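The values are calculated or read from the model by the stated rules, or taken from the named source; none is laboratory data. These figures come from a predicted structure and were not determined experimentally. Glycine gets a Cβ as well: all are built from the backbone with ideal geometry, and neighbour counts include every protein chain shown.
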Ligand code: SF4
């Protein structure tokens, strides 16, 4: 009997999607997924390196492995994701001696083989069979989170080299999946009841698949000569039954007119997440983000001209190397000008191996970083509370993803969390909810039609 496994996932949606592939890969080899770490024969940690705190969590877990290995001497521990991908000099591995296998995400296809080499009781070589014959890890079918929502990876890796970011080192250069594969995967999930997809890529709106001249329809009105992202969005909009398309994360440099036009296609969610990182041109330059605050603001204006009610979110890093008070104030003023609905705020932390770690000093004190973070957090909470009032009295379309003791919840097309009284049979359904109260992070309402 093959052994059982538990996967623990940290970090972004791409990692979650990768874990869905991992789960399917191991299940196809006959392994069983289980809940408790103490019952597992294989523990896989899909790690994140975006901030030092994310890596520190893995080092914390490592302390507990000793006890788990004492209880089960045959336990195999594997690490994938960003920590495995960026560990070119083996320094991370040195700090995790109880880990048996390190494999970068792209090497997932070889995992069954490596597990059976390590321990034949865990995985019989015969069960490995064709699993190692995938030409690329994105060819592995995921086990989706549920039947009505699916992450669809359209590319992996990044060529941008923002100076604070480890992704180009951990995931390598951008590789775009063939459009035919993406369209086929979406058709398949929709045929099985999926109504909402999230397209994933590190620079998702820069998409140039190898089959762009053959896989897209001749009547596709979007330009495909340079960037095919708009054309892909149009193509997916033609799939009957698919009701919601969301994507993350786009890069401001590639928010061209075609991509902006694609936001107005009928099935696109009424939400855009566009990371700005800083409102200061000097800081953006040090971050190697090749756009200006002016370009960003004009882009947001164009988006709102096309989709006047769209909700917009962003990512901001405060306290990047050399960020002066004036430069931070430029971020505050950009925030006000763009009137964001939400921002994911991070205090800069140096990541070894990145451009910033070699070029600049992490010279903003923790106290100043925290103070700047608090200023933006307060601004965000005030802004979103004010903006959410506009939904009171309107009807929101909610995709219900949870229901507990008669309290249903799900996201509106603007990615606002909505709570209302309902029943479990609403899970996975699109329900119209009349909003009667709005707080910062939750809209409350009652069912108007189902
Ligand atoms: S665009 Fe920049 S922040 Fe995003 S993954 Fe690439 S290097 Fe990292």
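Filtering region 355-368 to residues that are surrounded by 17 or more Cβ atoms within 10 Å (Cβ to Cβ) and under 25 Å from the mean Cα position of the chain (by Cα) leaves 355, 356. Inspection of region 218-235 finds no residue satisfying the criterion of being more than 30 Å from residue 410 (Cα to Cα), away from the ligand (no atom under 16 Å from the Cβ) and not in a loop (DSSP other than H, G, I, E, B). Considering every residue within region 148-156, establish whether at least one is crowded, with 19+ Cβ neighbours inside 10 Å and within 12 Å of the ligand (Cβ to nearest atom). Yes: one or more hits.
Just one of the listed residues (295, 268) is at pLDDT 95 or above and farther than 23 Å from residue 178 by Cβ, namely 295. Of the residues making up region 46-61, those that are touching a residue at least 60 places away in the same chain (Cβ under 8 Å) and in a loop (DSSP other than H, G, I, E, B) number 3. For region 241-263, residues that are more than 16 Å from the ligand (Cβ to nearest atom), farther than 19 Å from residue 220 by Cβ and assigned to a strand (DSSP E or B) total 2. For region 177-198, what are the residues that are surrounded by 23 or more Cβ atoms within 10 Å (Cβ to Cβ) and under 22 Å from residue 80 (Cβ atoms)? Within region 177-198, no residue meets the criteria.
Candidates are the residues of region 422-436 that are under 14 Å from residue 407 (Cβ atoms) and loosely packed, with under 14 Cβ neighbours inside 10 Å; the one that is nearest to the chain's Cα centre (by Cα) is 424. Taking the numbered list (1) assigned to a loop (DSSP other than H, G, I, E, B); (2) within 16 Å of the ligand (Cβ to nearest atom) in turn, residue 143 passes all entries but (2). I'd like to check something: does region 287-297 contain any residue that is out of contact with any strand residue (DSSP E or B) (no Cβ under 9 Å at 6 or more places or on another chain) and closer than 22 Å to residue 361 by Cβ? Yes, there is a match, as at least one residue in region 287-297 is out of contact with any strand residue (DSSP E or B) (no Cβ under 9 Å at 6 or more places or on another chain) and closer than 22 Å to residue 361 by Cβ. Filtering 284, 274, 236 for residues that are under 22 Å from residue 326 (Cβ atoms), buried (at least 19 other Cβ atoms within 10 Å of the Cβ) and assigned by TED's automatic domain parsing to the domain that holds residue 198 leaves a single hit, 284.
Can you report the number of residues in region 62-115 which are in a helix (DSSP H, G or I) and exposed (fewer than 14 other Cβ atoms within 10 Å of the Cβ)?
Going through region 62-115 one residue at a time, the tally reaches 8.
For region 166-196, a residue qualifies if it is part of a loop (DSSP other than H, G, I, E, B) and within 16 Å of the ligand (Cβ to nearest atom), and the qualifying residues are 166, 171, 172, 173, 174.
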